[in-house]
Amino acid sequence: MIETFRNIFKIEELRNRIIFTLALLIVFRLGTHIPIPGVDSSSLAEFFKANSKGLLGHLDMFSGGALANMTIFALGVMPYISSSIIMQLLVAVFPFLERLSKEGDAGRKKITQYTRYGTIVLSIIQGFSIAVGLETMGLGDNRVILAGISTWSFRFTTVITLTAGTAFVMWLGEQISERGIGNGISLIIFAGIITGIPAASLQTASLMKTGEITIFIAVLVLIIIVAVIGSVIFFETANRKIPVQYARRTQGKQVYGGQFSHLPLKINASGVIPPIFASSILAFPATITGFVNIEWVQNIGDNLLPGRLLYNVIFVMMIFFFCFFYTAIQYNPAKIAEELKRHGGFIPGIRPGQKTAEYLNLVLTRLTFGGAIYLSVICIIPSILYVYFKVPFSFGGTAVLIVVGVALDTIMQIETFLLNQNYDGFIKKNKKKRRQF
């Protein structure tokens, strides 16, 4: 590990990519401290402190504190994630978009453009909902909105500010993915969660001082967190290796094939995508119902708060759906079987072609089902910790899953970059020796 960190700073391109990524993450963190116009920060802080349980605290975890302070990045990347979900569903439903996705870089750029448009539309809708909700927020006579500001002027300013902030965060994420290291959107969520850990630690310590959390509960929670981290590392790196054998074939005097290999299939092929997508979708109706002063709508919104039975049931169902959906997008058993057959490969004991595709589909279904159970258990832990032990959301399974998953993915990308650099250097060195010879 120490040698890997040393090699990072020896390679100029990798060093520049990491510095670029850190610089953009710092820009994101600076933006989370710039409030939107017309909001009384002190009244907002009091209101959020009194209503931080459930949905607000859960959403604030993903925004890195931007929602609690109602800054220009209050919406964060949630509209972009929601737009990505909608676009992927539309690609799977409409033949036109499916053909567009298979047209190489040009088609993917077009779909990315549609995703950006959808992000702007969702940002406008959510920004307007937040503006209307802010007008009704406050404790007693302490209103969140500053006096003397007209209703529609505040709504227009809030919508424009939040939409522009989301567009800028989306641009930051794309720049990190293109010119930095790691997945930009995931790293932005990662940075938001990491920055909330110190405050959550202090909050837990204060709860222990007041006696709301006993030492036994604190030790138990710590053990659960360590177990969750270990489980996440194990499942995120585990895979099923399917043996593949290549038939011998003779071409002239040369003999090709006859080799043994394996086809690695991850237990959790979808990574952290399902819980992020599920949280994003559930946050939208819960936010809308919180701003509607109708009793039955309020009841639905209360049942959609994190920790409630209805929320957990829908959350688990969505995790299962997105696990199977995302795995189906990544892996096509028929295409994999065809590629193996074309290159003379086969799975021992399984006939090439359709039988191989059916076998791979069965294995993928079982692995995805197991991965969905693992994600569901990990992501339900926050509700247990918060409802029964009053532990802040930063210590929950969803946060740990995202932090560990993104960290592992980024480290793997760095190691792949180092491996490619070493391989390129080895080839150049051999070419130089041949020229000298």
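Computed quantities for the displayed model
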{"read-out": "Evaluation of Ile18 against (1) among the hydrophobic types (A, V, I, L, M, F, W, C); (2) at pLDDT 80 or above; (3) touching a Leu at 6+ places or on another chain (Cβ under 8 Å); (4) surrounded by 16 or more Cβ atoms within 10 Å (Cβ to Cβ) (one fails), failing number", "value": "(3)"}
{"read-out": "Subset of the range 327-338 [at pLDDT 85 or above, out of contact with any Phe, Trp or Tyr (no Cβ under 9 Å at 6 or more places or on another chain) and not small (Gly, Ala, Ser)]", "value": "Thr327, Lys335, Ile336, Glu338"}
{"read-out": "Flag for Thr368 being modelled with pLDDT of 85 or more, of a type in the set (S, T, N, Q), part of a helix (DSSP H, G or I) and in contact with a Leu (Cβ under 8 Å, 6 or more places away or on another chain)", "value": "no"}
{"read-out": "Scope the range 68-83; condition modelled with pLDDT under 85 and in a helix (DSSP H, G or I); matching residues", "value": "Ala68, Asn69, Met78, Ile81, Ser82"}
{"read-out": "Identity of the residue in the range 313-331, of a type in the set (A, V, I, L, M) and crowded, with 18+ Cβ neighbours inside 10 Å, that ends up farthest from Ala357 (Cα to Cα)", "value": "Val316"}
{"read-out": "Among the residues listed as Ile188, Ile176, Ile181, Ile111, the single one being surrounded by 15 or more Cβ atoms within 10 Å (Cβ to Cβ), at pLDDT 80 or above and in a loop (DSSP other than H, G, I, E, B)", "value": "Ile181"}
{"read-out": "Answer residue from the range 115-154, given it is in a helix (DSSP H, G or I) and among the small types (Gly, Ala, Ser) and is modelled with the lowest pLDDT among those", "value": "Gly133"}
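The values are calculated or read from the model by the stated rules, or taken from the named source; none is laboratory data. All values derive from a computational prediction rather than experimental measurement. Quick reminder, even Gly has a Cβ in these numbers, built from the backbone with ideal geometry, and neighbours come from all protein chains shown.
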